[in-house]
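The values are calculated or read from the model by the stated rules, or taken from the named source; none is laboratory data. This is a predicted model, so every value here is computed, not measured. Every residue, glycine as well, gets a Cβ built from its backbone with ideal geometry; the counts of neighbours run over all protein chains shown. Calculation scope for accessible area: heavy atoms of the full protein, side chains included, ligands and nucleic acids excluded. Shrake-Rupley method; radii C 1.70, N 1.55, O 1.52, S 1.80 Å.
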Amino acid sequence: HHTDKERSTSAMADLSSSSPSELFGEAPKPLPDSSENYDMTICFVLARELFVEGVLGSPSAYIKATIHFDHHERSTESVYRLKTRKPSWDHNWILCNVPANSVLHVEVHHHGMMSKDVRIAVAPPFTITKEILEQPEFEVDLQLVHPKNSQKRAGRLQVHLYSMSSLAPPTASIFSNGVNVTRTHPSLRAGVLAASSSADSLLPVFNTYQVEMFHVTRIFGADNVGWNRQYKAAQRIYAEGPDGESVRAVIRSQHASLYNSRKAIVSACANGNEFLELFQFGVRAGRRRFYTWVLLDHVFRFCESGAGFFRDFLSKHAMHASCRPSVRYAGEFHIQPPASEGGKHDGDYHLLVLDNNSGTFAPPTSLLPKVEAVFRSNFPDLHVVALAFDNPLLTEYKSIGLS
């Protein structure tokens, strides 16, 4: 894994120009002995011999990890690997300003295709000592155990740690950063259905997108948006009892089909321009497109809104969220072209325009500045504005013609 090491060291070095105050506003309470802290990458490589109770066949496993020190906490989540007891993730988590004796907590979860995700294994808390942090590279093989019975073994987890002296200023807390990993999920079947249910015949595949996002939990804090209890479709989706479970099973199967990890095209966005290039600056077949999106703790998921078959989904936002009852935010977005190309703004640049148009979650306008802050902290060169769905400026922006 020398390639991982080289990529991780390079990414950590690139953070020296981004202070936490620039990313988050006011700097949080300083960590003790912050001048001796470390920047590091934790790579969750693979698991072996996963033993699972309550899951039919092999699990579709993913990692949830949290690092703690005093009142500071950061977390990450990997993608799932479909139906295997030997999942390989190579999930890199870049952390800055980590103090010695921080504690790493790791859980392995099973992604249910038509049911709720379940926790299937945990690792005992692992203390990252000063001796470990002083080594440029450290490998550890963690014993996994049953989440409710620590005497019952559930497999092993291979983890690599790469460390260097911290480049963060002494007033910083622990924070995560790095290159935003993207996953494009193409579906030929969905593309055929979309083309057959609309006048748009130029859709050979239908893509859904997942972009890893940093700083979401730091910026949003305790703010989550629950499902809209005044919205009839949401009432059906999140109803208690067998009827609600049946509806959620269908939506989870739609999510599993459209976000199929086995077929994902993995890449990375190093800047805002590369993020926009991921979906051709919001243009397909010569027409500007609307996109439906949700923001979760670690990922931004989206796809085109206007595909004919997609309009028949009970809730596009619930599909993106795999029926989670709450999200950080949800809505629609589009890309305004530069003014010289007909854009309705004054700048000669592409503008990401996000809104809160989601009946399923009806997110409040008060959180729109936090949405902007997430995108600016992940892509500092990206021009972005977040507007309420009934803002007259949004209506003007849409007048360029979107589908």
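Structure notes:
- Residue within the stretch 14-28 that is in a helix (DSSP H, G or I), of a type in the set (Phe, Trp, Tyr) and either touching a His at 6+ places or on another chain (Cβ under 9 Å) or at pLDDT 50 or above (or both) present: yes
- Members of the stretch 370-390 found to be farther than 25 Å from Cys323 by Cα and open to solvent by 60 Å² or more (accessible area, probe 1.4 Å), listed by number: Arg376, Pro380, Asp381, His383, Asp390
- Check on Val266, among the aliphatic types (A, V, I, L, M) and outside any strand (DSSP E or B): no
- Among all positions in the stretch 219-229, there is at least one residue which is on the phi > 0 side of the Ramachandran plot and under 22 Å from the mean Cα position of the chain (by Cα).
- Looking across the stretch 114-151 at every residue that is closer than 17 Å to Gly54 by Cα and assigned to a loop (DSSP other than H, G, I, E, B), the one that is least open to solvent (accessible area, probe 1.4 Å) is identified as Pro147.
- Taken together, the residues in the stretch 297-311 that are open to solvent by 10 Å² or more (accessible area, probe 1.4 Å), within 28 Å of Ser176 (Cβ to Cβ) and modelled with pLDDT under 95 amount to 3.
- Exclusive hit being touching a residue at least 24 places away in the same chain (Cβ under 8 Å) and touching a helix residue (DSSP H, G or I) at 6+ places or on another chain (Cβ under 8 Å), set Gly178, Gly155: Gly178
- Residue count for the stretch 231-251 satisfying the condition of being in contact with a Lys or Arg (Cβ under 9 Å, 6 or more places away or on another chain) and among the β-branched types (Val, Ile, Thr): 2.
- Single residue of the stretch 62-113 satisfying the filter (of a type in the set (A, V, I, L, M, F, W, C) and part of a loop (DSSP other than H, G, I, E, B)) that is surrounded by the most Cβ atoms within 10 Å (Cβ to Cβ): Val79
- Here Val247 clears all of (1) under 29 Å from Val374 (Cβ atoms); (2) buried (at least 17 other Cβ atoms within 10 Å of the Cβ); (3) not charged (D, E, K, R) except the condition numbered (1).
- Hey, Arg288 touching a residue at least 12 places away in the same chain (Cβ under 8 Å), open to solvent by 20 Å² or more (accessible area, probe 1.4 Å), closer than 18 Å to Leu382 by Cα and of a type in the set (Lys, Arg) or not: no
- Filtered residue count, the stretch 226-251, keeping only those that are out of contact with any helix residue (DSSP H, G or I) (no Cβ under 7 Å at 6 or more places or on another chain) and either closer than 12 Å to Leu314 by Cα or of a type in the set (A, V, I, L, M) (or both): 8
- The residue list Leu161, Leu167 contains one member that is open to solvent by less than 20 Å² (accessible area, probe 1.4 Å) and either out of contact with any Phe, Trp or Tyr (no Cβ under 7 Å at 6 or more places or on another chain) or not in a loop (DSSP other than H, G, I, E, B) (or both), which is Leu161.
- In the set (1) touching a residue at least 24 places away in the same chain (Cβ under 8 Å); (2) closer than 22 Å to Cys323 by Cα, Glu245 fails one condition alone, (1).
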